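> Encoded as structure tokens, here's the structure I'll be asking about.
The values are calculated or read from the model by the stated rules, or taken from the named source; none is laboratory data. Remember, predicted model here, so these are calculated numbers, not experimental data. Cβ atoms come from the backbone with ideal geometry, glycine included; neighbour counts cover every protein chain shown. Side chains included, ligands, DNA and RNA excluded: accessible areas come from the protein's heavy atoms. Shrake-Rupley method; radii C 1.70, N 1.55, O 1.52, S 1.80 Å.
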Amino acid sequence: MGNNKKDLQVLIAGGGIGGLTTALYLHKAGIPVKVFESVTELKPLGVGINIQPHAVKRLFSLDLQDALDATGIRTARLSFYSKRGSLIWTEPRGLDAGYDVPQYSIHRGELQMLLYRAVIERIGTENVLTGHHLSGFEQDDNGVTVHFEDRKTGETIGSYQGDILIGADGIMSKTRQIFYPDEGVPVYSGLILWRGIVETDAYLDGRTMVMVGNATRKAVIYPVSQQSMNQGKSLVNWIMELPIHMDLPPKKEDWNRPGNKADFANQFQQWKFDWLDIPNLIDITDSIYEFPMIDRDPIPQWSFGRVTLLGDAAHAMRPNGSNGASQAIWDAETITDMLLEKDETVQALKAYEDLRLEPVSNLVLENRKTGPEKVMQEADDNCTGDCTHQCTCLARDYLETVASRYKKLAGFDTDSVNQQSS
Ligand SMILES: Cc1cc2nc3c(=O)[nH]c(=O)nc-3n(C[C@H](O)[C@H](O)[C@H](O)COP(=O)(O)OP(=O)(O)OC[C@H]3O[C@@H](n4cnc5c(N)ncnc54)[C@H](O)[C@@H]3O)c2cc1C
């Protein structure tokens, strides 16, 4: 690779949050890029997600602030409650916590669509090829040739040449599978998540994310829509989590399937608090999805010559700590920086791996220990049943230490984010 990055052609497999953000970064750096997405039409699917300040700062640097504000909620607080509804821990988030950018709670599909619109606008529809499912590739000293098929029919669609392939093709990454053919299905945590989204009255201040319960019975709830808030309502995203012993079905299609209230609602029947009626939330929700909580074991290598992995393809993690997409956005910036900084393509991809693999792998493992949410189980273990509104089982110093340790590990402590240039 010469020094002129405009001569490079980067191919990205996957138009999710990681792939699309990478396309925006590369375009901003003047590096030609093409995105190949497996589905024929991107739709705003999914439910809620939180984008932490370290990722928000990066999205703002891509001029996405207005688009984010038009749809997401600027999260004000994160609060953990016991199964009796008493407060274990509460902390300000985003601007309220002293960051110079907000945290957003946002509909995942809306986030993907706003990134998609920005990509189309900036790199042109001709460089975003939907209905292209990566099926294989070859590489040599001159470049990489990537093959695509129609995912539904298996029919070959065509091959494209580039200097680099970034596999941003999610937790079931074909790119990763080619390098790690024996890996098999993701690792099932033993927990099932039932997820729903419903418009209702706001709870608390209308901008607070709450987690209720313990390690074996948990609710995660947060509002996700500024439009709904503007109309005096609240679009509330909820997740109910329970342990279910099973083997993970081999097919991805069998994971995110319509859920049945009868399978879980009775476990949350008592969680009717004066600040939020959780059984009612479940009751008024029409569509519910059932999803196993899964991740992948960390792998020792992401970059193989001209091909590398990014986002969930590289480091799918459990959602504890709300960080998977935020880390993918961080990957996008790092890979672009390394392509600009290093003279050689292969060297740049290795440098990206050197910077990102170890810290993100540590986070994957930390999230298996339930991340910052572990204090909920600890409070439960120590609970004497005397706490009413405020749980006093765990020392405040300890709670602060756990919260700040996780933020440091995930790279979003206030100092690191505020020092990060935008
Ligand atoms: C319950 C739950 C809650 C979560 N909450 C949060 C949160 O609050 N905050 C957070 O930061 N993260 C959260 N995450 C994680 C987050 O959703 C993911 O980390 C993030 O979406 C990963 O983005 P990605 O682009 O790497 O992968 P994906 O979003 O999975 O995108 C991959 C894309 O690649 C396409 N694709 C697949 N195969 C191919 C192929 N062969 N060729 C071409 N295209 C292909 C897919 O269609 C898809 O569009 C949560 C996850 C779950 C399950």
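> So which of Glu121, Glu126, Glu199 ends up being assigned to a strand (DSSP E or B), away from the ligand (no atom under 16 Å from the Cβ) and either over 30 Å from Met209 (Cβ atoms) or open to solvent by 50 Å² or more (accessible area, probe 1.4 Å) (or both)? Before you say what the answer is, go through the steps one by one.
Values: Glu121 fails: assigned to a strand (DSSP E or B); Glu126 fails: assigned to a strand (DSSP E or B).
Criteria check complete, one pass: Glu199.
> Given the structure, is Phe60 away from the ligand (no atom under 12 Å from the Cβ), among the aromatic types (Phe, Trp, Tyr) and surrounded by fewer than 19 Cβ atoms within 10 Å (Cβ to Cβ)? Full working, then the answer.
Working: away from the ligand (no atom under 12 Å from the Cβ): yes; among the aromatic types (Phe, Trp, Tyr): yes; surrounded by fewer than 19 Cβ atoms within 10 Å (Cβ to Cβ): yes.
Considered against the rule, which asks whether it is away from the ligand (no atom under 12 Å from the Cβ), among the aromatic types (Phe, Trp, Tyr) and surrounded by fewer than 19 Cβ atoms within 10 Å (Cβ to Cβ), Phe60 comes out as yes.
> Also, quick follow-up: List pairs: first residue in segment 180-195 and over 13 Å from Pro249 (Cβ atoms), second residue within 15 Å of the ligand (Cβ to nearest atom) and open to solvent by 50 Å² or more (accessible area, probe 1.4 Å) anywhere in the structure, Cβ distance under 7 angstrom, at least six positions apart or on different chains.
These pairs meet every condition: Glu183/Gln177; Leu193/Phe291; Arg195/Tyr289; Arg195/Phe291.
> Considering Ile88, Ile73, Ile51, which residue is touching a residue at least 12 places away in the same chain (Cβ under 8 Å) and within 12 Å of the ligand (Cβ to nearest atom)? Step through it out loud before you land on a result.
Numbers: Ile88 fails: within 12 Å of the ligand (Cβ to nearest atom); Ile73 fails: within 12 Å of the ligand (Cβ to nearest atom).
Just a single option satisfies the conditions, and that option is Ile51.
> Still on this structure: Please pick out the residue among Thr388, Thr401 that is free of Cβ contacts under 8 Å to residues at least 40 places away in the same chain and more than 21 Å from the chain's Cα centre (by Cα).
Thr401
> Has segment 237-253 got any residue that is of a type in the set (S, T, N, Q), closer than 30 Å to Ala67 by Cβ and in a strand (DSSP E or B)? Full working, then the answer.
Let us first name the residues in segment 237-253 that are of a type in the set (S, T, N, Q), namely 237.
Imposing the further condition that a residue be closer than 30 Å to Ala67 by Cβ reduces the set to 237.
Of the ones still in play, those that are also in a strand (DSSP E or B) are 237.
Taking every residue of segment 237-253 in turn, at least one turns out to be of a type in the set (S, T, N, Q), closer than 30 Å to Ala67 by Cβ and in a strand (DSSP E or B).
> So which residues in segment 270-305 are in a strand (DSSP E or B) and over 21 Å from the mean Cα position of the chain (by Cα)? Can you show your working first?
In the first step, residues of segment 270-305 are kept if they are in a strand (DSSP E or B); the result is 272, 277, 288-295, 304.
Lys272, Asp277, Phe304, listed by residue number.
> Which residue is least open to solvent (accessible area, probe 1.4 Å), if the candidates are limited to segment 147-162 and must be near the ligand (Cβ under 9 Å from one of its atoms) and assigned to a strand (DSSP E or B)?
We begin by selecting, within segment 147-162, every residue near the ligand (Cβ under 9 Å from one of its atoms); these are 148-149, 151.
Applying the additional criterion that residues be assigned to a strand (DSSP E or B) yields 148-149.
Values: Phe148: 2, Glu149: 52 Å².
Among those residues, the one meeting the criterion is Phe148.
> For segment 1-21, which residues satisfy the criterion of being farther than 12 Å from Val128 by Cβ and within 9 Å of the ligand (Cβ to nearest atom)?
Passing the criteria: Ala13, Gly16, Ile17, Gly18, Thr21.
> Among the residues of segment 384-392, are any under 23 Å from Gln52 (Cβ atoms) and among the charged types (D, E, K, R)?
No - not one qualifying residue is present in segment 384-392.
> While we're on this one: Which pairs do you get when a residue that is within 13 Å of Glu183 (Cβ to Cβ), found in segment 298-323, comes within reach of a residue that is within 15 Å of the ligand (Cβ to nearest atom) and among the aromatic types (Phe, Trp, Tyr), reach meaning Cβ atoms under 7 angstrom, with the pair 6+ apart or on two chains?
From segment 298-323, the pairs are Ile299/Tyr180; Leu309/Trp302; Ala314/Trp302.
> From the list Asp283, Asp312, exactly one residue is under 30 Å from Gly143 (Cβ atoms), open to solvent by 40 Å² or more (accessible area, probe 1.4 Å) and modelled with pLDDT of 95 or more. Which is it?
Working: Asp283 fails: under 30 Å from Gly143 (Cβ atoms).
Checking each option against the conditions leaves just Asp312.
> Just give me the residues in segment 213-247 being farther than 21 Å from His107 by Cβ and either open to solvent by 70 Å² or more (accessible area, probe 1.4 Å) or over 21 Å from the mean Cα position of the chain (by Cα) (or both), in sequence order.
Passing the criteria: Gly213, Asn214, Thr216, Arg217, Pro243, Ile244, His245, Met246, Asp247.
> Condition first: open to solvent by 60 Å² or more (accessible area, probe 1.4 Å) and either within 11 Å of the ligand (Cβ to nearest atom) or at pLDDT below 95 (or both). Now tell me which residues in segment 173-184 satisfy that.
Answer for segment 173-184, where residues must be open to solvent by 60 Å² or more (accessible area, probe 1.4 Å) and either within 11 Å of the ligand (Cβ to nearest atom) or at pLDDT below 95 (or both): Lys174, Gln177, Ile178.
> Yes or no: Val364 at pLDDT 95 or above and closer than 22 Å to Val187 by Cβ? Before you say what the answer is, go through the steps one by one.
Working: at pLDDT 95 or above: yes; closer than 22 Å to Val187 by Cβ: yes.
The answer is yes for Val364.
> Considering only residues that are within 10 Å of the ligand (Cβ to nearest atom) and open to solvent by 10 Å² or more (accessible area, probe 1.4 Å), which ones fall in segment 163-172?
Residues satisfying the conditions are Ala168, Asp169, Gly170, Ile171, Met172.
> OK, next. Among the residues of segment 352-372, is there at least one that is within 20 Å of Ala29 (Cα to Cα), free of Cβ contacts under 8 Å to residues at least 40 places away in the same chain and crowded, with 19+ Cβ neighbours inside 10 Å?
no
> Every residue in segment 315-343 that is open to solvent by 10 Å² or more (accessible area, probe 1.4 Å), at pLDDT 95 or above and among the acidic types (Asp, Glu), please.
Within segment 315-343, Glu333, Asp337, Glu341 meet the criteria.
> Take the residues of segment 24-48 that are within 11 Å of the ligand (Cβ to nearest atom) and small (Gly, Ala, Ser): which is farthest from Tyr289 (Cα to Cα)?
Within segment 24-48, the match that is farthest from Tyr289 (Cα to Cα) is Ser38.
> Can you pull out the strands (runs of 3 or more DSSP E) entirely within segment 1-105 that have at least 3 residues that are closer than 24 Å to Asn142 by Cβ?
Filter on segment 1-105 gives 10-13, 33-36.
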